[in-house]
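Student: Here's a structure for you.
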Amino acid sequence: MPAATSTSSPIERLYHRYRRGTVETLHPLVLAHYPALYRTHQDEYRKMMELSAKMTVVGHACAEISGYAYDERRQMIAHLFGGCCFLADSFIDDFGMAAAEAYLGRLERLLTDGWFDARTPREELFYVIIARLFAERNVLNVDLRQAILLLLRAQQRDVRLRGELRSFRRTSRRRQLGLLREIARNRSGHAILVLTGFLVPRIPSVVLRYIFLAGSIIMHIDDHGDHYSDLHYRRVTYMNQVSCPAKTLGRIVRSGIRELLTGLPEGNGRNILVEFLTKYYVTRLKKHRAVKAQRAVAWAVYE
Amino acid sequence: MAIAIQRSRVQGRLNGDQPLIRIDAQREAAQAPFQFDPVRGRLHRRDCHAIPSDARSALFGRWTMDAHDVLLACPFCRPVPQGTRPEGERIESVEFLYGVASILGQFGTLLRERGKEFRNSDEGRQLEQQVDRFYAQLDAQQRHVVDLVLTSLDQLVTAVQECDRHLQTANGTGEGSQSDMNGKGARSGGQTAKPPVSRPRRSSRQAKTGAQVNGRRQARKRS
């Protein structure tokens, strides 16, 4: 991991700072509840830390856009959120259909009546992190609880679609693309709203739309980077179904950033968000090309 | 602490039929007077026909409108500010009382056990001495107030326990099996009676812990 130098960009300096904070927050929890992640799954551990650092940068932008200073407590919340997202994504993507459905069922129960069966050390780590998150913010805040449930519904829809590919294929192409785009938009759009909801007591409506938009852009960029691994595991996404993915993504990113620049108030939060999206776009374009040319594997840890 | 609570349910020491906390507020949100579309940044009345179909999976229920929201109002249904407070933010002291009562009812046994343990610990003994010193320094009127508060707490605990016993008797949970509770063996929402706290509630299969997640291990993709 390269050290941030005086010549590095502001976003790189933020990444550098937040990587340290991420390790300080998550490493003790990993050692206490799921030490095997650190000792025997170094790739996953590093990916978790990188995702958490990324979430902390995004959280910085969202907190400031919402009108709140990004103090140490908020940074710690974002570190936890990143760890939580990584583990949740792994339950949905990495252990097959049955495990994904079982996880979503148990998550629904957690959100419906508060009970959660942590059957493995990985699940225990997930629950410990989520319990800490819930303790940091009034989880009964009207917007936050809605965002959490909307995120769950988006994940359920995504997983359900994987099991219904045959009937999905029978619908018109226009409908298929519309549905895939909506699912991608909701998954990351609501995830970024959950993050912001944990960070600040209230998200003003005027900025909520733009934060949601940024989330949906992140999902499309992410899916473009994972284009080939998604196809390999028969996961259909909007980005691996459109005919010219790179061109489509370019259009989504450019028009999205234009909207953010015109809609959001000028300030540090907006600058960080736009810089982050630009950097993320560039690195995922490179990842897509590298995997296509078989110069890299989908498992590599990307900034 | 969070893990200890969850384990207590698995071990049958806590009633898992009663909800611990309900974060899901979708029903209430769907009934909110306003619906906010985060895709287009529009605030609609609940029944507005101009809400785009692709936004319906992303709507946020809203109970109030502020000055900024007026700028985001849908031009078709034209929502206007109302004075209703959100369900989740309505402050009623009686709800706090019910909250305390439900926690005492659900966690009474655990709280008592922890209380006994704590009282016998060094920390607990120190606290007891501090409380004694504090109490000794009070004048007669102040002692009367403290006594009154403690008596009220005792009465509250007794009332909760009575209420709990009454509910269990009324639903037949004290003696019969779970299937006797409502005649169908299933309970919707689990908001009424609870079985004896000490009764194990988990099957041996469910109670297994530490097993690895089953299923095909796929290459992780998110980074």
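The values are calculated or read from the model by the stated rules, or taken from the named source; none is laboratory data. What you see is a predicted model, and the numbers here were worked out from it, not measured in a lab. As a convention, Cβ positions derive from the backbone with ideal geometry for all residues, glycine included, and neighbour counts pool all protein chains shown. Ligands, DNA and RNA are excluded from the accessible area calculation, which covers all protein heavy atoms including side chains. Shrake-Rupley method; radii C 1.70, N 1.55, O 1.52, S 1.80 Å.
Student: Name the residue farthest towards the positive end of the dipole of chain A from the options A:THR283, A:LEU51, A:ILE192, assuming +1 on Cβ of Lys and Arg, -1 on Cβ of Asp and Glu, about the Cα centre.
Tutor: Farthest along the dipole direction, towards plus: A:THR283.
Student: Quick one: net charge of B:ILE23's neighbours, Cβ under 10 Å, K/R +1, D/E -1? Working shown, then result.
Tutor: Numbers: positive: A:ARG145, B:ARG22; negative: A:ASP113, B:ASP24.
Around B:ILE23, the charge tally is 0.
Student: With the crude spin-label approximation of a point 7 Å out along Cα→Cβ, what separation in nm comes out for B:GLN142 versus A:SER9?
Tutor: With each label placed 7 Å out from Cα toward Cβ, I get 6.3 nm.
Student: I would also like to ask the following. Can you pull the accessible area of A:THR120 for me, 1.4 Å probe, Å² to the nearest 10?
Tutor: 10
Student: Let me ask you something else. For B:VAL70, A:VAL206, A:VAL291, A:VAL159, what's the largest-to-smallest order of accessible area, 1.4 Å probe? Provide the component values of the computation, followed by the final result.
Tutor: Numbers: B:VAL70 75, A:VAL206 55, A:VAL291 25, A:VAL159 5 Å².
Listed by decreasing accessible area, they come as B:VAL70, A:VAL206, A:VAL291, A:VAL159.
Student: Comparing the chain by itself with all protein chains present, which residues of segment A:79-95 are at least 40 Å² less accessible (probe 1.4 Å)?
Tutor: A:ASP93, A:ASP94, A:PHE95
Student: Can you list residues from other chains, or at least 5 along the same chain, whose modelled amide H is less than 5 Å from the amide H of B:ARG62?
Tutor: Distant-sequence amide H within range of B:ARG62: B:PHE34, B:GLN35, B:PHE36.
Student: Next question, about the same structure. For a quick check: with amide H placed at 1.01 Å from N, whose amide H comes under 5 Å from B:LEU138's, ignoring anything fewer than 5 positions away on the same chain?
Tutor: Under 5 Å from the amide H of B:LEU138 lies no amide H from a residue far enough along the sequence or on another chain.
Student: If you add up the charges near A:LEU260, with Lys and Arg at +1 and Asp and Glu at -1, over every other residue whose beta carbon is less than 13 angstrom from its beta carbon, what do you get?
Tutor: Values: positive: A:ARG209, A:ARG254, A:ARG258, A:ARG270; negative: A:GLU259, A:GLU266, A:GLU275.
Net of charged neighbours comes to +1.
Student: Give the residues of segment A:245-281 whose amide nitrogen is closer than 12 Å to a point set 7 Å from the Cα of A:VAL206 in the direction of its Cβ.
Tutor: Within reach of a label on A:VAL206, which here means backbone N under 12 Å from a point 7 Å along Cα→Cβ, segment A:245-281 contributes A:263-266.
Student: Find the relative contact order for chain A and round it to a whole percent, using C-alpha pairs within less than 8 Å whose residues are 6+ positions apart.
Tutor: Values: 350 pairs, mean separation 61.7, N = 303.
That works out to 20 percent.
Student: Give me the inter-chain shielding for B:47-55: mean count of other chain Cβ atoms within 10 Å, whole number please. Intermediate values should be presented prior to the final figure.
Tutor: Values: counts 0, 0, 0, 0, 0, 0, 2, 6, 2.
Taking all residues of B:47-55 together, the mean is 1.
Student: Run the helix sum for chain A: -39,500 (n - 2.57) per DSSP H stretch of 4+ residues, divided by residue count, reported at 222 nm to the nearest 500 deg cm²/dmol. Show your work: numbers first, answer last.
Tutor: Working: 14 runs with 238 residues, N = 303.
Computed ellipticity for chain A at 222 nm equals -26500 deg cm²/dmol.
Student: Let me ask something else. Within chain A, which DSSP H helices have Cα atoms that stretch 24 Å or more along the helix axis and a mean Kyte-Doolittle hydropathy of at least -1.0? Mind dumping the intermediate values first?
Tutor: Numbers: long enough: A:10-33 (34 Å, -0.51); A:42-65 (34 Å, -0.25); A:72-93 (31 Å, 0.35); A:96-113 (26 Å, 0.11); A:142-163 (32 Å, -0.05); A:173-199 (39 Å, -0.04); A:205-225 (31 Å, 0.90); A:245-263 (26 Å, 0.03); A:268-292 (36 Å, -0.56).
Qualifying helices, which must be both long enough and hydrophobic enough, are A:10-33, A:42-65, A:72-93, A:96-113, A:142-163, A:173-199, A:205-225, A:245-263, A:268-292.
Student: If we count every other residue with Cβ under 10 angstrom of B:PRO81's Cβ, Lys/Arg +1 and Asp/Glu -1, where does the sum land? Each step should come with its number before you reach the end.
Tutor: On the way: positive: none; negative: B:ASP66, B:ASP69.
Net of charged neighbours comes to -2.
Student: Count, for each residue of B:23-35, the Cβ atoms from other chains sitting within 10 Å of its Cβ, then give me the mean as a whole number. Numbers along the way, then the final one.
Tutor: Working: counts 14, 11, 8, 8, 0, 3, 6, 0, 0, 2, 0, 1, 0.
Average per residue, whole number: 4.
Student: Among B:ILE21, A:ILE257, what's the order by accessible area (1.4 angstrom probe), most exposed first?
Tutor: Numbers: B:ILE21 60, A:ILE257 25 Å².
Final ranking, largest accessible area leading: B:ILE21, A:ILE257.
Student: To the nearest 10 square angstrom, what accessible area does B:LYS116 show with a 1.4 Å probe?
Tutor: The accessible area comes out at roughly 130 Å².
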